[in-house]
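Heads up, the thing below is written out as structure tokens.
The values are calculated or read from the model by the stated rules, or taken from the named source; none is laboratory data. What you are looking at is a predicted structure, and each value in this text was computed from that prediction instead of being measured. Here Cβ is always computed from backbone atoms with ideal geometry, including for glycine, and neighbour counts include all displayed protein chains.
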Amino acid sequence: MKKKIISIIDYGVGNILSLSRAVEFNGYKVRFVNNPEDILCSNTIILPGVGAFKRGMEKIKEKNLYEAIIETSNKGTPILGICLGMQMLAGESQEFGKSKGFNLIDGKIKLMRLNKPNKTPFIGWKKILVNKTTNVDFSINKNDSFYFIHSYHFECERKKDMTGFVTYGDKKITAIVCKDNIYGYQFHPEKSGKSGLKILKYFLDLK
Amino acid sequence: MSKIRIIPRMDIKNSNLVKTIKLDGLRVIGDPNKIAINYYNNLADELLFLDTVASLYGRNNVSQIISELSKNVFIPITVGGGIRSLNDALSMFKSGADKIAVNTAAIKKKNFLNNLSKEFGSQSIVTSIDAKKIENKKWRAFINNGREDSGLDVIEWSKRAADKGAGEILLTSIDNEGTYKGLDFDLFNSVSAQVKIPIILGGGFGSLEDLAKAKKMNVDALSISGALHYKKFSIKNIKKKL
């Protein structure tokens, strides 16, 4: 059987080598894409990202990828945003003044105001709780934990889009967003050991 | 509060994992790739690679090691040693690093930390501070692998580094490093009182008492080398105590 090809959008941010190795580890092929044509003919897309929101969106637009990503997601192509890539799915961010995102899932990116002893950026491993009302089954085990590193978080407009969450002290923070074919992981599945590889596989296996 | 992150520290010379004592006196431990995979399988939270000679000779062997490692290891990797330019940093990220640790260049080049964090985001920039005690509750930041006194006070420099956009501090006690006599919690507390970013404390880990103290003092992460490399402790055992 021919291996399914996963497109990873390469717009010049973050460690995409590890991400591609995690995809390959799960038995898929990887293609790095950085032009609109390649995005439009992709079957499954991962939008990675680390760093500042505004800079990330600027880089997407510099490479003319914005419209192609919107168009592809409107066709129903599965798309997964990771970390900053997940946050860019939102309508807007308040990081360094307001800036607009893809607006594929209604919500805003806001600075986390954590109470001591939690620090920002939050760096560490957390267990994810899946919203009981969701019908998506990520098969997360009780002991699975995931690696988070972030200062901002995704505040969903609609409760049901916040598919999974973690708690930092008394704060409930979005860990997974999901709306139809659009997925977002705040944590790094490619950096979360075996639990991460498994939850990445869930997305890769989507038809 | 999430659990204290346990981070094996891998000092690299040429293509070997080595162990230092007070950042000096190298001993060869073995093949870093094999040992790193073992730490990954034993549930290390992250890995830290430091090239011990890169900052002297301006070269780096670690990128090859981590690029190979990324086929099998899926936890965050921080790389340091000899990173002096945005290009050096970029080549590390392309080789599979998630964060880079900088010491000498961060001190010598005035805007280096600012530029790094602007380009790659604070979350991927670690300031590595090698602290040498000069008197009670006073430490000096050393550069070039503990060989040279920068003249900077550790607490002052920590504050400035955080302001410049570092996302994390790797704080190593030169005096305790390789001695197993215990972590320098005075050092941690003095810096922690002044900065809001997470601190990875290292140098001297040697007993379960260290773990209890670290937990009590809300240390964010521990960098451990000799105690793991010489199998005085296993990561699994350490994590059971947390």
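Give me the pairs, please: first residue somewhere in region B:124-153 and touching a residue at least 40 places away in the same chain (Cβ under 8 Å), second residue anywhere and among the basic types (K, R) and buried (at least 23 other Cβ atoms within 10 Å of the Cβ), beta-carbon distance under 9 Å, and either six or more positions apart or on two chains.
B:S124/B:K99; B:I125/B:K99; B:V126/B:K99
Could you check how many residues of region B:210-227 are out of contact with any strand residue (DSSP E or B) (no Cβ under 7 Å at 6 or more places or on another chain) and within 14 Å of another protein chain (Cβ to nearest Cβ)? Let's see the steps before the verdict.
As a first pass, look at region B:210-227 and keep what is out of contact with any strand residue (DSSP E or B) (no Cβ under 7 Å at 6 or more places or on another chain): B:210-213, B:215-218, B:227.
Right, trim to within 14 Å of another protein chain (Cβ to nearest Cβ) and you get B:215-218.
Counting residues in region B:210-227 that are out of contact with any strand residue (DSSP E or B) (no Cβ under 7 Å at 6 or more places or on another chain) and within 14 Å of another protein chain (Cβ to nearest Cβ) gives 4.
Here is a list of conditions, (1) away from every other protein chain (no Cβ under 14 Å); (2) part of a helix (DSSP H, G or I), and A:K201 meets all of them except one; can you say which number that is?
It is condition (1) that A:K201 fails.
Taking A:N131 as the residue in question, decide whether it is loosely packed, with under 14 Cβ neighbours inside 10 Å and either closer than 28 Å to A:L204 by Cβ or among the aliphatic types (A, V, I, L, M) (or both).
So A:N131 fails the test.
Being touching a residue at least 40 places away in the same chain (Cβ under 8 Å), assigned to a helix (DSSP H, G or I) and more than 14 Å from chain B (Cβ to nearest Cβ) is the filter here, so list the residues in region A:13-61 that pass it.
Within region A:13-61, just A:I60 meets the criteria.
Tell me which residues, restricted to region A:85-122, are more than 14 Å from every other protein chain (Cβ to nearest Cβ) and of a type in the set (S, T, N, Q).
Once the filter is applied, which keeps residues that are more than 14 Å from every other protein chain (Cβ to nearest Cβ) and of a type in the set (S, T, N, Q), region A:85-122 yields A:Q94, A:S99, A:N103.
Conditions first: (1) in contact with an Asp or Glu (Cβ under 9 Å, 6 or more places away or on another chain); (2) on the phi < 0 side of the Ramachandran plot. A:G76 passes all but one, so which condition is the exception?
Just one mismatch for A:G76, condition (2).
Keeping to region B:120-139, report how many residues are part of a helix (DSSP H, G or I) and either more than 14 Å from chain A (Cβ to nearest Cβ) or hydroxyl-bearing (S, T, Y) (or both).
2
For region A:143-191, which strands (runs of 3 or more DSSP E) that fit wholly inside it have 1 or more residues that are at pLDDT 95 or above and farther than 19 Å from A:E95 by Cβ?
Of the strands (runs of 3 or more DSSP E) lying wholly inside region A:143-191, those with at least 1 residues that are at pLDDT 95 or above and farther than 19 Å from A:E95 by Cβ span A:146-150, A:162-168, A:171-179, A:182-185.
For region B:196-227, what are the residues that are touching a Phe, Trp or Tyr at 6+ places or on another chain (Cβ under 7 Å), closer than 21 Å to B:A36 by Cα and not in a loop (DSSP other than H, G, I, E, B)?
Listed by number, the residues that qualify are B:L201, B:L222, B:I224, B:G226, B:A227.
If you go through region A:124-148 one residue at a time, how many are within 14 Å of chain B (Cβ to nearest Cβ) and under 16 Å from A:P189 (Cβ atoms)?
10
I'd like the full set of residues that are closer than 16 Å to A:K198 by Cα and basic (K, R), limited to region A:15-47.
A:R21
Of everything in region B:184-195 that's outside any helix (DSSP H, G or I) and touching a strand residue (DSSP E or B) at 6+ places or on another chain (Cβ under 8 Å), which residue is surrounded by the fewest Cβ atoms within 10 Å (Cβ to Cβ)?
B:V195
For region B:1-31, give me each residue that is within 14 Å of chain A (Cβ to nearest Cβ) and outside any strand (DSSP E or B).
If the condition is that a residue be within 14 Å of chain A (Cβ to nearest Cβ) and outside any strand (DSSP E or B), then B:M1, B:S2, B:K3, B:I4 are the ones that fit.
Please go through region A:71-125 and pick out each residue that is free of Cβ contacts under 8 Å to residues at least 60 places away in the same chain, under 20 Å from A:N181 (Cα atoms), not in a strand (DSSP E or B) and not small (G, A, S).
A:E71, A:T72, A:N74, A:K75, A:M88, A:F102, A:N103, A:D106
Please indicate, with yes or no, whether at least one residue in region B:32-39 is crowded, with 17+ Cβ neighbours inside 10 Å, within 14 Å of chain A (Cβ to nearest Cβ), among the hydroxyl-bearing types (S, T, Y) and without any contact (Cβ under 8 Å) to a residue 60 or more places away in the chain.
no
Out of the residues in region A:155-184 that are within 14 Å of another protein chain (Cβ to nearest Cβ) and out of contact with any Lys or Arg (no Cβ under 6 Å at 6 or more places or on another chain), which is surrounded by the most Cβ atoms within 10 Å (Cβ to Cβ)?
The residue in question is A:A175.
Please state which one of B:S91, B:S150, B:S117, B:S67 is in a helix (DSSP H, G or I), touching a strand residue (DSSP E or B) at 6+ places or on another chain (Cβ under 6 Å) and surrounded by fewer than 22 Cβ atoms within 10 Å (Cβ to Cβ).
The match here is B:S117.
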